[in-house]
Amino acid sequence: MQLFFNPNINETTESFSFDKEESRHIIKVLRKKDSDILQVTNGFGLLFETQITLASDSKCTVEVLSITNAEKPKFHLHLAVAPTKMNDRFEWFLEKATEIGIQEITPIFCDRSERKVINRDRFEKIILSAMKQCNETFLPKLNEAVSFKEFIKQNQNGLQLIAHCEETDKKSLKEVLKPNEDVTILIGPEGDFSEKEIALALENNYKPVMLGNTRLRTETAAVVACHSVVFFNE
C-alpha cells in the first residue's frame with residue numbers, strides 16, 4: 001500500500017485537494033489518473049480510502065470513500081535525545097524510531113553536546129517519510145530543541161528514566177518497565193551526560209537505567225531504548 005499524507009483532514013471531510021508539490025508527485029511521477037484509489041492519513045490514526053476526481057498536477061482532488069480509525073497505542077513513548085555531531089546518525093535514529101513506533105521526540109542540548117543547532121524542517125520531513133514508508137497512521141511529534149535543564153523542568157507523564165554510562169547503581173530497562181505505562185527516556189550525547197546533569201535528573205525523579213552491557217553510540221542507544229519499550233508492550 002502506498003500512503004499519502006494530509007494533516008488537515010478529519011472524520012467530517014468529504015473531499016479535499018493535495019498541495020501543488022504532492023499533486024505533481026501523484027500525477028506526474030506516479031502517473032495516477034481519474035478514478036484511481038489513494039490511501040491517505042492525517043497522522044492522527046485515521047486512514048482514508050479516497051478516489052481521484054480531478055487528476056491535475058497542480059491540484060489533485062479526491063473524494064473520501066471510507067475512513068478507518070487505527071487503535072491508539074496504550075502507552076506513550078517520549079525520547080529526549082542529544083543530537084549527534086554527525087547529522088546523518090541522528091536522522092537515522094529518527095527514521096528507525098518512527099518505523100518502530102515512537103510517539104514523541106525532543107532534541108536536547110547537553111553540557112557535552114558537540115552539536116548545538118538542528119534543522120527541524122529536515123527532521124520533520126524524515127519522520128514523515130518514514131511514517132509513510134511503513135504505512136503508519138500516527139505521525140510522531142517532534143518538539144523544539146531545548147537545553148537539558150529546560151527539559152528537566154517540564155512535567156512528563158509516567159515513568160521518567162535516564163540512560164547513562166556512569167558506574168553507579170542502575171537497573172536494566174526491562175526491570176523498571178510496566179505494561180501500558182507512559183515513559184520518558186533521556187539519551188545523552190557522545191560524551192555522555194555530565195555528573196551535574198545526572199544529579200539534576202535524579203533530583204527530578206528520573207531513575208537511572210542501563211540499556212545493555214556494552215557502551216552504545218547515542219543513536220544506537222536511542223533505537224535500542226525505543227525498540228525495548230515497544231517490544232515490551234506487544
When residues of the stretch 96-128 are filtered for being in contact with a helix residue (DSSP H, G or I) (Cβ under 9 Å, 6 or more places away or on another chain), open to solvent by less than 70 Å² (accessible area, probe 1.4 Å) and outside any strand (DSSP E or B), how many remain?
14
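For residues that are within 15 Å of K141 (Cα to Cα) and not in a loop (DSSP other than H, G, I, E, B), tally how many sit in the stretch 71-90.
5
Go through the stretch 14-23 and give me each residue that's in a helix (DSSP H, G or I) and surrounded by fewer than 17 Cβ atoms within 10 Å (Cβ to Cβ).
Residues of the stretch 14-23 in a helix (DSSP H, G or I): 20-23.
Correct list: K20, E21, E22.
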With E181, E175 as the choices, which residue is loosely packed, with under 13 Cβ neighbours inside 10 Å, within 23 Å of H76 (Cα to Cα) and among the charged types (D, E, K, R)?
E175
E219 meets each of (1) farther than 22 Å from I100 by Cα; (2) in contact with a Ser or Thr (Cβ under 8 Å, 6 or more places away or on another chain) with one exception, condition (1)
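Within the stretch 50-70, which residues are more than 28 Å from E104 (Cβ to Cβ) and in a strand (DSSP E or B)?
Residues of the stretch 50-70 that are more than 28 Å from E104 (Cβ to Cβ), as a first pass: 50-66.
Result: T50, Q51, I52, T53, L54, T61, V62, E63, V64, L65, S66.
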Name every residue in the stretch 165-177 that is part of a loop (DSSP other than H, G, I, E, B) and at pLDDT 95 or above, in order of residue number.
L177
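The values are calculated or read from the model by the stated rules, or taken from the named source; none is laboratory data. Just so it is clear, the model here is predicted, and its values are computed rather than measured. No Cβ is skipped: glycine too gets one built from the backbone with ideal geometry, and neighbour counts run over all protein chains shown. Ligands, DNA and RNA are excluded from the accessible area calculation, which covers all protein heavy atoms including side chains. Shrake-Rupley method; radii C 1.70, N 1.55, O 1.52, S 1.80 Å.
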